[in-house]
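First up is the structure itself, then whatever we jot down about it.
The values are calculated or read from the model by the stated rules, or taken from the named source; none is laboratory data. As the structure is a computational prediction, the values presented were derived from the model and not from experiment. A quick note on method: Cβ atoms are made from the backbone with ideal geometry, for glycine too, and the neighbour counts reach across all protein chains shown. These area figures cover heavy atoms from the full protein model, side chains too; ligands, DNA and RNA do not enter into them. Shrake-Rupley method; radii C 1.70, N 1.55, O 1.52, S 1.80 Å.
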Amino acid sequence: MKYAFFPGCSLESTARAFDLSTRAVCRALGIALEEIPDWACCGSTPAHASSDSLAVALPAFNLQKAQAAGLPVMVACASCYARLRTANHRIRNNPEDRRRAERITGRPYDGGIEVRHVLDVLVNHLGMDEIRARVSRPLGGLKVACYYGCLLTRPPEIVAFDDAEHPTCMDELVTAAGATAVEWPFKTECCGASLSMTHSGVVGRLAHKLLSMARSAGADLLVVACPLCQVNLDLRQADAAKAHGALRPTPVLYVTQLLGLALGLPPEDLGLDAAAVGYAGGKS
Amino acid sequence: MTNPIPWNDSGLMEEVRQRSGTRVSACFQCHKCSTGCPIGPDMDILPSQIMRLVHLGAENEVLGSHAIWLCASCEACTTRCPMAIDIAGVMDALRIMAVDRGTVLPDARGKQFHRSFLGSVRRHGRVYEVGMMAAYKMRTFDLFSDVDKVPRMLAQGKLSLLPNRSDSVKQVREIFRRAKEEDRKP
């Protein structure tokens, strides 16, 4: 099982722990990753909010590179994942989008490269039986709220590997890791995403709502699969508590970090030290 | 009682349809987008009201709103719309139109953030976060927010003082140049 890996800009900086833990978990589970050579930024929200041409061309440029390597693409960042999938969708379904992307990048591309999120690869390609068989240190008793955020499952005609309103793939992974996935209603509520830079007060309000709901559902911690969700919920926790009322400090881990622990990987290989609210490896 | 927003057949709806590739005219005001919008409580005009104002051709109200810059592009509205309108896509089209026509509110920080972010991508091929944040802070004069978080992030290796440049940077600059040309085409 081999994929071309598109890390995306965040995984080189704020989401370093997502990068480390994704690579470590894939290595442990026999998924070979070959980083797309000289990949460039997918453009993220600033591109699609500023230039329709750029929003399709930047992802197309990266997908052309993966095509040259002859491999399907695996993405970790939920935002990059949505941008690459959206570009493929448009290039396949709208001939003008395809011609424009080809004019801008100067290379042919038909939108044919498969793009999968790391969760999709783990749950649907590798399979839960394989993962359960590899869990060597089950996380007994730990209660976890799985937070999917917005772009992992939306819009469903473009991403479509889990239910848009009630996704379950992370719950399956957390359960396989020996923890308990709590039922809670804000699985796919947005955390405010890139408003973090421009309107941190709005993000603080949303983070407070999400964290207090996860706590009232009995969760000890949250798991996420998006760099912005992690930063917004972890780094803004203290500010959110100041503005909106007391919050019990709640660790926010990448789902790959939690899975890595259950696979018996050493914490230092998973970037567990790189969070504002620390996780000591037990109940909090 | 007089209607504060007179009906105005300005072609706004048709332009939004062309730019976003979605039919705003199909909106029948069920308000599902607004009720599910996480940012709704902070908006001056709700997403369903934006759709209605587009019907009415109320260009100044729509393009001069805070709402188009507050939209977080979470796609909840697009996913739930019973008429399959890509509401998040409409918000993108409106932001682009507002910049084109110079009707952006002076305090619309979203525009400054997008410029700073894309400037970093054009320069390095990837986002160089420290440089991007500095550029954004200079543009908005918002110099001190979040500086308390920087030392720990540097210590944890979550921010790098130097850019991690993509070797594709020349091609990326060419993509920016050609994309601008394409956007100018009628």
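The set of residues in segment B:63-112 that are assigned to a helix (DSSP H, G or I), among the small types (Gly, Ala, Ser) and either under 19 Å from B:GLY11 (Cβ atoms) or facing another protein chain (nearest Cβ under 10 Å) (or both) comprises B:ALA76, B:ALA88, B:GLY89, B:ALA93, B:ALA98, B:GLY110. Take A:GLY141 and tell me if it is away from chain B (no Cβ under 11 Å), within 20 Å of the chain's Cα centre (by Cα) and on the phi > 0 side of the Ramachandran plot. When the stated conditions are applied, A:GLY141 does not pass them.
Filter segment A:14-35 down to residues that are open to solvent by 10 Å² or more (accessible area, probe 1.4 Å), closer than 15 Å to B:GLN156 by Cα and in contact with a Lys or Arg (Cβ under 9 Å, 6 or more places away or on another chain) and give me whichever is modelled with the lowest pLDDT. Once the filter is applied, the top-ranked residue is A:THR14.
The residue that is nearest to the other protein chains (Cβ to nearest Cβ), among those in segment A:197-207 that are touching a residue at least 24 places away in the same chain (Cβ under 8 Å) and either outside any helix (DSSP H, G or I) or surrounded by 22 or more Cβ atoms within 10 Å (Cβ to Cβ) (or both), is A:LEU206.
The conditions of being more than 11 Å from chain B (Cβ to nearest Cβ) and either surrounded by 21 or more Cβ atoms within 10 Å (Cβ to Cβ) or touching a strand residue (DSSP E or B) at 6+ places or on another chain (Cβ under 8 Å) (or both) are met by A:VAL174.
Scanning segment B:123-145 for residues that are facing chain A (nearest Cβ under 7 Å) and at negative phi turns up B:ARG126, B:VAL127, B:GLU129, B:TYR136, B:SER145. Name every residue in segment A:118-133 that is in contact with a helix residue (DSSP H, G or I) (Cβ under 7 Å, 6 or more places away or on another chain) and either over 16 Å from A:GLN257 (Cα atoms) or surrounded by fewer than 20 Cβ atoms within 10 Å (Cβ to Cβ) (or both), in order of residue number. Within segment A:118-133, A:MET128, A:ARG132 meet the criteria. You will find that of A:ARG85, A:ARG154, the residue that is basic (Lys, Arg), within 17 Å of the chain's Cα centre (by Cα) and open to solvent by less than 20 Å² (accessible area, probe 1.4 Å) is A:ARG154 and no other.
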